[in-house]
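Below: one structure, written as structure tokens.
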Amino acid sequence: MKDQLLPFIVETARSIAEEQGIDVSKELNDSTRLFGEGGLLDSLALVSLVIAVEQGIEERFGVRVEIADDKALSQKNSPYRTIGSLAAYAAQELEAKKAAG
Amino acid sequence: MHIDFLRERFAAARDKDALIWRDQSVTYGWLLEELDRLSASLEAAGVKTGAVVSVEADFSPRAVALLLALIERNAILVPLTSSVEEKKPEFREIAEVESVVEIRSDDSLHAWNTGTTASHPLLVGLKQSQSPGLILFSSGSTGKSKAALHDIVPMLEKFKVPRQTLRTITFLLFDHIGGFNTLMYNLSNSGCVITVADRRPDTICRAIEQHKVQLLPTSPTFVNLLLVSEAYRQFDLSSLQTVTYGTEVMPESTLRRFHALFPNIKLQQTYGLSEVGIMRSKSKSSDSLWVKVGGEGFETRIVEGLLEIKAKSAMLGYLNAPSPFTDDGWFKTGDAVEVDGEYIKILGRKSELINVGGEKVYPAEVESTLQLMDGVEDVAVRGEPNPITGHVVFARVKLSTDEDLPAFRKRMHEFCKDKLARFKIPQKIELVEKAMHGERFKKMRRGD
């Protein structure tokens, strides 16, 4: 599932950064730092990305997932560290929601 | 007794048109006669003087005569129009309605007593003072409907001063403080009230052309719909002298566009609330949101950036909620304002202020900017909780283009980057199909 989400998240991160005037000349991938030290995005862009990912998942899979809630913020390792960690967290939440029916 | 001054003015303008309903006019002479006929009918139907009476009717000449006949009998009026059909039983109970008077769609009158005896202390007190009353329900768009009880006598006081005679569309009905005010203004000044079957832009424009309307009191939402629909292109609106707007914050972009299209129409902001009545107001100019408010019987002050009003015509209280007044009688409007000398500018409801990571955003400013974009028909902005920044700016947008969300988001950022601070640009967008206003043409930011 994570692999399925990764290209979509890369693409969304790129367009949000571009829209908000953030330099994205480098290639974005699994290990790109998103937020925090050396991160691509600031909090406004991060919030936009997370919401766009939630909306994109709902559109593609018909399932509402929350990837910006207290649970996400209280993870031992922040899901917003890298594009890969965000994709993994989103995939995990999507699987859980699907399993719960 | 309380409407003797109206009877005198009606008699002096006997042959003039008082109301236009379904494109037919009735005169002030007719209204006087109908007032006497209805007084007799109410007496015969056993509607007691001073009773709490629900008036269940739409805006027809008979309904207007009925309101006046009831005021003359010191009744406490509870106007209920068909727009609140499903809530009528609940509203009758809250208002402790003692008699129902209904005008059906065939214009026939039906009256009966409910068997209730009003016992609310505010109602009992008003009855003892032998004053007619008015109960208005808030729309409940931000929670449950509150019932505001007014003494009609101080409300009527300001209409004793003669003012301009105008032909006016009643955009709001008499179950709303604005509609009641428009009606009483016109009746007091021998003006003509033009009623409309619905409030679509083309219906309103047709009525303006056909009945040479001079004054259109409306809401910013309607002004925007009028611009978007371009209905004004098919009709002659040259009779129109003044458009007044109130009930919500006017987007500056909408005001400017309307003024550019109709430079000869005066745009005038109004400010009123069902709790305190309608203040007199004066806009700095047609394309300015700066406005002076007040007038006889009103005091205003600003406390911590929020407008407070003390009014002689203030309501006596809510029937179903605690008193919102301070101990010394000030009403906290909850509207945040900027001040410049005698003028104020209304920024929006404090409760609608969005706090994005410590930065403050008023929905109206964001809406005003987004409405300047091509293809944006309507937009409603509100805050949504988000643990990352506390809240995010959430815009629901109705588009006339077939863009998808990522395409619109991209265009929006491009458009807004030199117009709005970055934190004000919506972080969340949803594209919607349906209109985002309620029955009273006020933007519904809370709706789904």
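With respect to the numbered conditions (1) assigned to a helix (DSSP H, G or I); (2) at the interface with chain B (Cβ under 9 Å from one of its Cβ atoms), which one is the sole condition not fulfilled by A:Ala87?
The failed condition is (2).
Would you list the helices (runs of 4 or more DSSP H) that sit entirely within the stretch B:1-112 and hold 3 or more residues that are modelled with pLDDT of 95 or more and within 20 Å of B:Tyr185 (Cβ to Cβ)? Working first, answer last.
Numbers: elements: B:4-12, B:28-44, B:61-72, B:88-95.
Counting at least 3 such residues, we get B:4-12, B:28-44, B:61-72.
What is the number of the single condition among (1) crowded, with 16+ Cβ neighbours inside 10 Å; (2) away from chain B (no Cβ under 14 Å); (3) part of a helix (DSSP H, G or I) that A:Leu40 does not meet?
Just one mismatch for A:Leu40, condition (3).
Would you confirm whether or not the stretch B:116-130 contains a residue that is loosely packed, with under 15 Cβ neighbours inside 10 Å, within 25 Å of B:Ser188 (Cβ to Cβ) and of a type outside the set (Ser, Thr, Tyr)?
Scanning the stretch B:116-130 turns up at least one residue that is loosely packed, with under 15 Cβ neighbours inside 10 Å, within 25 Å of B:Ser188 (Cβ to Cβ) and of a type outside the set (Ser, Thr, Tyr).
Quick test for you: out of B:Glu86, B:Glu102, B:Glu93, pick the one residue that is surrounded by fewer than 19 Cβ atoms within 10 Å (Cβ to Cβ), out of contact with any Gly (no Cβ under 8 Å at 6 or more places or on another chain) and within 19 Å of B:Leu123 (Cα to Cα).
On the way: B:Glu86 fails: within 19 Å of B:Leu123 (Cα to Cα); B:Glu102 fails: within 19 Å of B:Leu123 (Cα to Cα).
Result of the check over B:Glu86, B:Glu102, B:Glu93: B:Glu93.
Of all residues in the stretch A:8-37 being touching a residue at least 40 places away in the same chain (Cβ under 8 Å) and more than 14 Å from chain B (Cβ to nearest Cβ), which is surrounded by the most Cβ atoms within 10 Å (Cβ to Cβ)? Step through it out loud before you land on a result.
Let us first name the residues in the stretch A:8-37 that are touching a residue at least 40 places away in the same chain (Cβ under 8 Å), namely A:8-10, A:12-13, A:28-36.
Adding the requirement that they be more than 14 Å from chain B (Cβ to nearest Cβ) leaves A:28-33.
Values: A:Leu28: 16, A:Asn29: 11, A:Asp30: 15, A:Ser31: 10, A:Thr32: 22, A:Arg33: 15.
Checked the stretch A:8-37; the qualifying residue surrounded by the most Cβ atoms within 10 Å (Cβ to Cβ) is A:Thr32.
Any residue at all in the stretch B:369-385 that is within 14 Å of chain A (Cβ to nearest Cβ), over 24 Å from the mean Cα position of the chain (by Cα) and more than 18 Å from A:Gln55 (Cα to Cα)?
Looking through the stretch B:369-385, none of the residues is within 14 Å of chain A (Cβ to nearest Cβ), over 24 Å from the mean Cα position of the chain (by Cα) and more than 18 Å from A:Gln55 (Cα to Cα).
How many residues, within the stretch B:156-185, are over 16 Å from the mean Cα position of the chain (by Cα) and not acidic (Asp, Glu)?
Keep residues of the stretch B:156-185 that are over 16 Å from the mean Cα position of the chain (by Cα), which gives B:156-167.
Checking the rest, the ones that are also not acidic (Asp, Glu) come to B:156, B:158-167.
Adding up the residues that qualify gives 11.
One line per residue, one yes/no per condition, for (1) at the interface with chain A (Cβ under 10 Å from one of its Cβ atoms); (2) over 30 Å from the mean Cα position of the chain (by Cα); (3) surrounded by fewer than 20 Cβ atoms within 10 Å (Cβ to Cβ):
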position	(1), (2), (3)
B:Thr389	yes, yes, no
B:Ala395	no, no, no
B:Asp404	yes, yes, yes
B:Lys410	yes, yes, yes
B:Glu430	yes, no, yes
B:Lys434	no, no, yes
B:Gly438	no, no, yes
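Of B:Thr247, B:Thr300, B:Thr221, which residue is buried (at least 16 other Cβ atoms within 10 Å of the Cβ) and part of a loop (DSSP other than H, G, I, E, B)? Give the derivation first.
Details: B:Thr300 fails: part of a loop (DSSP other than H, G, I, E, B); B:Thr221 fails: part of a loop (DSSP other than H, G, I, E, B).
B:Thr247 is the lone residue from the list that is buried (at least 16 other Cβ atoms within 10 Å of the Cβ) and part of a loop (DSSP other than H, G, I, E, B).
Being more than 14 Å from chain A (Cβ to nearest Cβ) and crowded, with 23+ Cβ neighbours inside 10 Å is the filter here, so list the residues in the stretch B:349-363 that pass it. I'd like the intermediate steps shown before the answer.
Of the residues in the stretch B:349-363, the ones more than 14 Å from chain A (Cβ to nearest Cβ) are B:349-353, B:360, B:362-363.
Scanning the stretch B:349-363 gives a single hit, B:Pro363.
Looking only at the stretch A:58-80, filter to residues that are of a type in the set (A, V, I, L, M) and within 13 Å of chain B (Cβ to nearest Cβ); which one of those is surrounded by the fewest Cβ atoms within 10 Å (Cβ to Cβ)? Reasoning before the result, please.
Initial filter on the stretch A:58-80 (of a type in the set (A, V, I, L, M)): A:63, A:65, A:67-68, A:72-73.
If we keep only those that are within 13 Å of chain B (Cβ to nearest Cβ) as well, we get A:67-68, A:72-73.
On the way: A:Ile67: 20, A:Ala68: 22, A:Ala72: 20, A:Leu73: 12.
Among them, the one singled out is A:Leu73.
For B:Asp418, indicate whether it is without any contact (Cβ under 8 Å) to a residue 12 or more places away in the chain, assigned to a loop (DSSP other than H, G, I, E, B) and either more than 14 Å from chain A (Cβ to nearest Cβ) or surrounded by fewer than 17 Cβ atoms within 10 Å (Cβ to Cβ) (or both).
yes
The values are calculated or read from the model by the stated rules, or taken from the named source; none is laboratory data. All values derive from a computational prediction rather than experimental measurement. Every residue, glycine as well, gets a Cβ built from its backbone with ideal geometry; the counts of neighbours run over all protein chains shown.
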